[in-house]
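K.L.:
Pasting in a structure now, in structure tokens, and then I'll have a few things to ask.
The values are calculated or read from the model by the stated rules, or taken from the named source; none is laboratory data. All of these numbers come straight from a predicted model, not from anything done at the bench. Every residue, glycine among them, receives a Cβ derived from its backbone with ideal geometry; neighbour counts consider all protein chains shown. SASA here: full protein model, heavy atoms, side chains in, ligands and nucleic acids out. Shrake-Rupley method; radii C 1.70, N 1.55, O 1.52, S 1.80 Å.
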Amino acid sequence: MDVVIIKYNAGNIYSVVHALNRLGVSPIVTDNKETISRADCVLFPGQGEASKTMEYLRNNQMDILIRQLKQPVLGICIGMQLLCSHSEEGNTPCLGMFDVPVQRFCPVRHEDKIPHMGWNTISHLQSPLFEGLSEDAYVYFVHSYYVPVNPYSIAVTDYVHPFSAAIRKNNFYAVQFHPEKSGKTGEHILRNFLNLAAQQ
């Protein structure tokens, strides 16, 4: 199975490579449009700033390519946010695969630190992506912006208020947390995603 990670101007891509290596998978990290289009599944991870990242994707016509992908796609962290319609970070129009906005956390209490960083639970699990996981499994987050709970939500986390830990529409899956930094739970989720791709 050909597993591709989209190469673009976002950090943290190679920690996803190492996580897949631990599962016995050797992904291809590339910005070659033909290779990405032919892949059995595509991962769109990263950490970065929304406006600069979207500018890079548009300048390289990667935005058009991503919208046209038909195989299973997994967005991770900024990858999830860029799949949405608009981000408050830099007032940025995004890819629009999910018609929901990305908003900035506004602290309510003194103890609400932004960014939301560290381990937290996921609940309301509603997808084969989480098959075999119990409610309130712990995963690792680092983010200052979030996707509100919406009809595409397939997992929810509570920090300041409930937000979407994961969303899905058709072949597009996305998680706000970092499965590559989430220990056995994260490995389990990545394995489930690969299994979903193998069943296509």
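K.L.:
Suppose every K and R has +1 on its Cβ and every D and E has -1 on its Cβ; what is the size of the dipole of segment 1-111 about the Cα centre, in Debye to the nearest 20?
P.N.:
The dipole magnitude comes to about 120 debye.
K.L.:
From the square roots a ≥ b ≥ c of the eigenvalues of the alpha-carbon gyration tensor of segment 18-76, which class results: rounded (a/c under 1.5), prolate (a/b over b/c), or oblate?
P.N.:
oblate
K.L.:
Report, in debye and to the nearest 20, how large the dipole of segment 50-101 comes out about its Cα centre when Lys and Arg carry +1 and Asp and Glu carry -1 on their Cβ.
P.N.:
220
K.L.:
Same structure, new question: Amide H to amide H, which residues 5 or more places from Ala165 or on other chains are under 5 Å from it, using H placed in the peptide plane?
P.N.:
Correct list: Ala155, Val156, Thr157.
K.L.:
Still on this model: Just to check I understand the Karplus step: with θ = phi - 60° and J = 6.51 cos²θ - 1.76 cosθ + 1.60, what whole-Hz values come out for segment 128-140, glycine and proline as x?
P.N.:
The phi angles translate into x, 4, 10, 4, x, 9, 8, 4, 6, 5, 9, 9, 10 Hz.
K.L.:
How much accessible area per residue does the chain have, counting only protein heavy atoms and a probe of 1.4 Å, in square angstrom?
P.N.:
It amounts to 45 Å² per residue over the chain.
K.L.:
Moving on to the next point. Need one word for segment 93-137: rounded, prolate or oblate. Basis is the Cα gyration tensor (sqrt eigenvalues a ≥ b ≥ c); a/c below 1.5 gives rounded, then a/b vs b/c decides.
P.N.:
Note, shape of segment 93-137 comes out oblate.
K.L.:
How much length, in nm to one decimal, is gained on full extension between Gln68 and Arg22, taken as 0.36 nm per residue of separation minus their Cα-Cα distance?
P.N.:
Full extension from Gln68 to Arg22 adds 13.6 nm.
K.L.:
If N is the number of residues in segment 1-158, what value comes out of its Cα radius of gyration divided by 2.2 N^0.38 Å?
P.N.:
Normalised Rg, Cα atoms only: 1.05.
K.L.:
When the chain is fully extended, how far beyond the present Cα-Cα distance does Lys169 get from Leu133, taking 0.36 nm per residue of separation?
P.N.:
My answer for the length gained is 10.9 nm.
K.L.:
List the residues, sorted by chain then number, that are 5 or more residues from Cys77 or on another chain and whose placed amide H is less than 5 Å from its amide H.
P.N.:
Long-range HN contacts for Cys77: Val175, Gln176, Phe177.
K.L.:
Need one value: the accessible area of Ser87 in square angstrom, 1.4 angstrom probe, rounded to the nearest 10.
P.N.:
0
K.L.:
Extent of segment 96-200 along each principal axis, from alpha carbon coordinates, in Å, largest to smallest?
P.N.:
46, 31, 19
K.L.:
Please report the carbon-and-sulfur percent of the accessible area for the chain; probe 1.4 Å, protein heavy atoms only, DNA, RNA and ligands left out.
P.N.:
48
K.L.:
How much of the DSSP bridge set in segment 49-200 is antiparallel, in percent, rounded to the nearest 5?
P.N.:
Bridges in segment 49-200 are about 75 percent antiparallel.
K.L.:
Between Arg109 and Ser51, how high is the FRET efficiency from 1/(1 + (r/R0)^6) when r is the Cβ-Cβ distance and R₀ = 30 Å? Nearest 0.05.
P.N.:
Here the calculated transfer efficiency is 0.55.
K.L.:
Which value, in debye to the nearest 20, describes the size of the charge dipole of the chain about its Cα centre when Lys and Arg Cβ atoms bear +1, Asp and Glu Cβ atoms bear -1, and nothing else is charged?
P.N.:
So the magnitude is around 280 debye.
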